[in-house]
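Taken together, the values in this text are just the output of simple stated rules run on the coordinates, not laboratory data. Owing to the predicted nature of the structure, the values given are computational and were not obtained by experimental measurement. Cβ atoms come from the backbone with ideal geometry, glycine included; neighbour counts cover every protein chain shown.
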Amino acid sequence: MKALMLGAFVACLGASVLSVHAADAPDSGTQPHVTTHHRGTFNGKAMRYAVEVAPTHVSSGDSGPSADLVSVSYVAEGIKREQDRPVMFVFNGGPITASVYLHMLGLGPRRLVTPGDVNADIPPAPLADNPSSPLDATDLVFFDPAGTGYSRVATGTSPSAYFSVDADAEQFTQFVQAWLKAHGREASPVYLYGESYGTLRAAAAAQKLSHLKTPVQLSGVFLQGQALNIIEISQRHDNIISYTVSLPTLAALGWFHGKVDHAGKTFQQHLDASRDFAQNVYMPALFKGSNLDPKERDAVAAKLEALTGLPASVFLANDLKVSKVQYRALLFKDQNELLSANDGRYKALITKDDPHPDGSEKVMKAAEAAYAKYAKDELGVQTGYAYRSRAGVENMDLWGWGAKSPFGDWPYMAMIKDAMTLKPQLRVVIGQGYFDTLTTTGATDYAVAQSGWPKDRVRVAYYESGHMAYTVQSSLEQMSRDLHELISPASSATGTTPRAATAP
């Protein structure tokens, strides 16, 4: 199987092996340590900012693992009371990938623009300014775990020492503390932005940061493509609630690909109908199983066809249970095409050489190529270190889930609840793409409903895009607004206000 970009869970695809880019050539020289200065305009605010590519050493003591973690930090220049300005730590998922995708496609001040047409090739065009970057409201620190990016474990530490939920979260927690201290920003409001597996890292780290003896001003968490309740997202055959939470995503894809009737309704009305049907009709029907009246079974199958575009006969042949994986394979079965797991708007031709193609893979490849050029030409990175998009986790069994395995239970929502209890200023936003079949909108709704989080401190934002919502321009603009909304009220609650840089 091809590598799952963005570090999406393999289990979401019903597979058991994760192919990765192993360490390429041996590193030579030293890790990059360079600072450059730039100007830009973000959300209408002109500002100057510095970009620092630099290592931060973390260690768990003589008997524990240690690493030199290279991050890319964007810090506003020419401002008053810098210590009051928020800092947002940004990371992708895995396990275990670098932050290159969020960096190059979403939140960085320079960005690779992807075509609106999902069938179009992505030209190797120069990077464009990103006016939707939240850099006007917060400094940005792109975090690459040990073994990814330019980050490496220290001599005497095995890379696998960080291949677990606890070690990964501890590594990040140590990094946050060290970065804040090195930059004199211990008093700054701190925000975490995690994507996919990164949402589990964010939950575990939020709990750890909230229990530190030396307090960190943790003020907000943004969870993009949440995987906190992956037990539902993985969609086991007999787990009937998983079909319920997946239905709105299937309905969204049926609409996008023109497989359902658009007449007399909007996209949102179509999704609302799917949610209502899923909770009030579909779930009770699945619960009845073989006791379901045949006429009712036929009626449910007919409605499922109207919502998703997949024939009722397919649902009837599968006892009304059609998984996300099946749906992606069946919707264009007559054309021998498969929908992308990361972003179901994309489809690709199934071949003998590639039985599991991912049409959205070109986006990730383009981002990796763009970063290589950006780092050299604009950030001045000259090093014998290879930038590794992923670390060597060859299958999910090599990741140490411990008692926190999302495939047995999902304790991650409780971790955030604990952090919210200890940090009354802490607010949470979940960002979710309608066309993401890995982490679905229905699973997000279910997670929030079951979380026990304070309702007035949680928001869910939906985007007309996939797992990487920020690849779509309109979704990126919406996400930028959501990030600003997360930062501003929380910052006010801590007695501070985000400060924009002085115009150049």
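Assuming a ≥ b ≥ c are the square roots of the Cα gyration tensor eigenvalues, decide whether the range 329-368 counts as rounded (a/c under 1.5), prolate (otherwise, with a/b larger than b/c) or oblate.
oblate
If one takes the longest principal axis of the Cα atoms in the chain, at what angle in degrees, from 0 to 90 and to the nearest 10, does the Cα axis of helix 240-256 lie?
Approximately 90 degrees, to the nearest 10.
Ordered by packing density, taken as the mean number of other Cβ atoms within 10 Å over each peptide's residues, highest first, how do 196-209, 101-114 rank?
Descending mean neighbour count gives 196-209, 101-114.
So for the pair ASN395, THR351, with labels modelled 7 Å out along Cα→Cβ, what separation do we get in nm?
So the two model labels end up 2.8 nm from each other.
Where both residues lie in the chain, what percent of DSSP beta bridges are antiparallel, nearest 5?
In the chain, approximately 55 percent of DSSP beta bridges are antiparallel ones.
Once you have all Cα-Cα distances for the chain, histogram them in 10 Å bins from zero and send the whole-percent values.
Result, from short to long distances: 4, 20, 31, 26, 13, 5, 1, 0 percent.
Taking the Cβ-Cβ separation of ASP418 and ASP334 as r and a Förster radius of 45 Å, what is the calculated FRET efficiency to the nearest 0.05?
Calculated value: 0.35.
Which peptide among 264-274, 409-419 comes first, and what is the full order, when sorted by highest mean count of other Cβ atoms within 10 Å?
The peptides rank, most packed first, as 409-419, 264-274.
Does the range 40-181 come out rounded, prolate or oblate, given a ≥ b ≥ c as the square roots of the eigenvalues of its C-alpha gyration tensor, rounded meaning a/c under 1.5 and, failing that, prolate meaning a/b above b/c?
Because a/c hits 1.5 or more and a/b fails to exceed b/c, the range 40-181 counts as oblate.
Between ASN318 and ARG48, what FRET efficiency comes out of the Förster formula 1/(1 + (r/R0)^6) with R0 = 60 Å and r the beta carbon distance, rounded to 0.05?
For ARG48 and ASN318, the calculated efficiency is 0.55.
Any chance you could give the angle, 0 to 90 degrees and rounded to 10, that helix 473-493 forms with the longest Cα principal axis of the chain?
Its long axis makes an angle of about 60 degrees.
Run the dipole for the chain about the Cα centre, Lys and Arg Cβ at +1, Asp and Glu Cβ at -1, nothing else charged, and hand back the magnitude in debye, nearest 20.
Dipole size: approximately 800 debye.
Given the rule -39500 (n - 2.57) for each run of at least 4 DSSP H residues, summed and divided by the residues of the chain, what is its mean residue ellipticity at 222 nm, to the nearest 500 deg cm²/dmol?
The helix-only estimate for the chain comes to -10000 deg cm²/dmol at 222 nm.
So what's the angle, to the nearest 10 degrees on a 0 to 90 scale, between helix 165-182 and the longest Cα principal axis of the chain?
Approximately 40 degrees, to the nearest ten.
Could you compute the FRET efficiency for ARG81 and HIS237, with r as their C-beta to C-beta distance and R0 at 51 Å, rounded to 0.05?
My answer for the efficiency is 0.35.
Sticking with the crude label model, points 7 Å out along Cα→Cβ, report the distance from ALA369 to ALA125 in nm, one decimal please.
Between ALA369 and ALA125, the simple spin-label model gives 1.5 nm.
Can you pull the one-decimal nm distance between simple spin-label points at SER158 and LYS455, each 7 Å off the Cα toward Cβ?
4.9
Would you please classify the overall shape of the range 63-108 from the alpha carbon gyration tensor, given that a ≥ b ≥ c denote the square roots of the eigenvalues, rounded means a/c under 1.5, and beyond that prolate means a/b larger than b/c while oblate covers the rest?
Oblate is the answer for the range 63-108, as a/c is 1.5 or above yet b/c matches or exceeds a/b.
Suppose we keep just the DSSP beta bridges with both residues in the range 64-199; what percent of those would be antiparallel, to 5?
45
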